[in-house]
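The structure appears right after this line, and notes come after that.
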Number of protein chains: 2
Amino acid sequence: MQSRLLEIHQDVLSKNDQLAKGLRKRFSEAGIFVVNLLASPGAGKTALLESTITSLTQAGIKTAVLVGDLATENDAKRLARTGVPVKQIETGSICHLEAEMIARYLEGWDLDQIDILFIENVGNLVCPSSYDLGEDSRVVLLSVTEGEDKPQKYPPIFSRADLVLITKMDLAEAAEFDVTAALSSIKSVSPKANILKTSAKNGAGMDAWLAFLTKQKANKAA
Amino acid sequence: MQSRLLEIHQDVLSKNDQLAKGLRKRFSEAGIFVVNLLASPGAGKTALLESTITSLTQAGIKTAVLVGDLATENDAKRLARTGVPVKQIETGSICHLEAEMIARYLEGWDLDQIDILFIENVGNLVCPSSYDLGEDSRVVLLSVTEGEDKPQKYPPIFSRADLVLITKMDLAEAAEFDVTAALSSIKSVSPKANILKTSAKNGAGMDAWLAFLTKQKANKAA
C-alpha cells in the first residue's frame with residue numbers, strides 16, 4: 001500500500017516538475033524574479049512580506065503575491081493593504097502549493113507589470129519541500145521562537161534553501177535564542193545557504209534582505 | 001492522478017484506523033491513558049512534556065513518551081533526562097506518525113508499568129490530523145508567537161482537538177498576543193474544546209493541565 005502510494009506520489013511530483021518548468025519559462029520571458037517563501041505556521045512570512053513590499057514599492061519595484069493557506073483569506077487581506085496585486089489560494093486539506101495552482105491563479109494578471117512575484121507557501125516545514133513552483137529562489141524562514149534545532153529536524157526543506165531568513169530577532173532575547181547554535185544547525189544541513197537575521201518589526205536585517213532581492217532580480221535580468 | 005492518489009490515501013487511512021482500533025483496545029486493557037500532542041514545529045511540545053513528566057513522576061504517576069520527528073534524536077534525548085521510558089521515532093520524509101509506528105515502537109515496553117503515554121507527534125499542523133494513533137485525548141498546542149488566527153487557518157487539526165493548550169504565555173506581551181482573538185479563533189472551529197493558557201517556563205496554567213490529565217486518567221480507569 002505504502003509503496004503504491006509512494007509510486008503515485010512520484011507521478012504527481014514529476015507532473016508538477018513539468019508544469020513548474022513551463023512556469024519558469026514564462027516567468028523568465030516576462031522578466032519576473034520569483035521567490036518561494038517556506039516556513040512553519042506563524043514564522044512571520046506575512047509580516048515579512050508586508051514590510052518588504054512596502055519598501056520595494058517605494059523603490060519603484062513592482063511586486064505581486066500569491067499566498068497559500070488551507071483556509072481563510074486573512075493573509076491576502078493583510079497583504080492587499082500594500083496596494084499590490086494579491087491572490088489567496090485556499091488549498092482545503094492540501095499542505096502545500098503546486099505548480100498547477102500557481103498557473104491557475106496567475107490567470108488575469110499582466111506578467112509584464114510584475115518585477116518580483118512572491119509565493120507565500122502553506123505554513124509547513126515538510127510538505128511544500130518537494131514541489132517546485134517555477135521559482136528562482138527558495139527562502140526558508142526560521143523564527144527565533146521555534147528553537148535552534150529545527151533545520152536538523154526538517155532537513156529536506158532547509159537543505160534546498162537558497163536563503164535562510166532568521167525572523168523575529170526582536171524576540172531573540174525573550175526567547176533565549178542561541179544564534180550560534182542556530183547558525184550551526186542551518187549550516188549542518190545547508191552548507192551553502194545564505195543566512196540573514198531579520199525582524200520585520202524593528203527593521204533589523206531588512207536592508208540586507210532587500211539587497212538580496214534586488215541583486216538576484218538584477219542578476220536574472222542580466 | 002490526484003483522484004487516484006486520494007483513493008489510495010483513503011485506503012492507507014482506513015488501514016491506519018483498523019490498527020488504531022487495536023491499539024486503543026490494548027491501551028484500555030493495560031489501563032493506560034494516551035495523549036496525542038499535535039502542534040507546529042517549535043510550539044513547545046517537548047518543553048511542555050519535560051515539565052509535565054517531572055510533575056507527574058513526583059506525584060507517583062508513571063509516564064512514557066514516543067516522540068516523532070523527521071530526523072534527529074534531540075527530543076528523545078531531552079526527554080530521557082526525566083528518567084521515564086522514551087523512544088524516538090524518526091519518520092524520514094513522512095510528516096506524521098501512524099498507528100503502525102506506535103505499535104512497532106511499543107514493543108519491549110511493559111504496558112502495565114505505564115499510567116500515561118504521551119505521543120509527541122511530528123511538528124505539523126496538517127498531516128497528523130487524519131491519523132488516529134489509538135489515543136484517548138488529542139491535545140493541540142498553539143504558541144503565542146504563532147499568531148491568533150492559526151486555528152481558522154488550520155481547521156481540520158483544531159476542530160478535532162479535545163484540548164487546546166495555548167503555550168509560551170511568558171512571551172505573550174513581547175509577541176503582542178491578543179488572547180481574546182485567539183480564544184475566538186479556537187472556538188470558531190472547535191466550539192467544544194477545552195482551552196488552557198500555559199507556560200512551561202514560568203509554570204502558568206500547569207496545575208490546570210496536570211489536573212486535566214489526572215482527571216481524564218481517573219475517568220478512564222473508572
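A short reminder: the numbers here are calculations on the coordinates, not readings from a lab. Fair warning: this is a prediction, and the values are worked out from it, not measured in the lab. Quick reminder, even Gly has a Cβ in these numbers, built from the backbone with ideal geometry, and neighbours come from all protein chains shown.
Somewhere in region B:88-99, is a residue away from chain A (no Cβ under 13 Å), touching a strand residue (DSSP E or B) at 6+ places or on another chain (Cβ under 9 Å) and not in a loop (DSSP other than H, G, I, E, B)? Looking for residues that are away from chain A (no Cβ under 13 Å), touching a strand residue (DSSP E or B) at 6+ places or on another chain (Cβ under 9 Å) and not in a loop (DSSP other than H, G, I, E, B), one finds none in region B:88-99, hence no. Cβ separations smaller than 8 Å between residues 6+ apart or across chains give the following pairs from region B:63-79 residues that are within 10 Å of chain A (Cβ to nearest Cβ) to residues that are β-branched (Val, Ile, Thr) and not in a helix (DSSP H, G or I): B:Asp69/B:Ile89; B:Asp69/B:Thr91; B:Asp69/B:Val122; B:Leu70/A:Val126; B:Leu70/B:Thr91; B:Leu70/B:Ile94; B:Leu70/B:Val122; B:Asp75/B:Val67. Scanning region A:108-131 for residues that are of a type in the set (D, E, K, R), surrounded by fewer than 21 Cβ atoms within 10 Å (Cβ to Cβ) and touching a residue at least 60 places away in the same chain (Cβ under 8 Å) turns up A:Asp112, A:Asp115. Is one or more of the residues making up region A:192-211 part of a helix (DSSP H, G or I) and among the β-branched types (Val, Ile, Thr)? No, there is no match, as no residue in region A:192-211 is part of a helix (DSSP H, G or I) and among the β-branched types (Val, Ile, Thr).
How many residues does region A:131-156 hold that are more than 8 Å from chain B (Cβ to nearest Cβ) and not in a loop (DSSP other than H, G, I, E, B)? Final tally of qualifying residues: 7. Checking each residue in region A:77-101 for being touching a helix residue (DSSP H, G or I) at 6+ places or on another chain (Cβ under 6 Å), surrounded by 19 or more Cβ atoms within 10 Å (Cβ to Cβ) and under 18 Å from A:Ser129 (Cβ atoms) picks out A:Ile89, A:Cys95, A:His96, A:Glu98, A:Ala99. Scanning region B:19-37 for any residue that is within 27 Å of A:Lys153 (Cβ to Cβ), polar (S, T, N, Q), within 12 Å of chain A (Cβ to nearest Cβ) and in contact with a helix residue (DSSP H, G or I) (Cβ under 9 Å, 6 or more places away or on another chain) turns up nothing.
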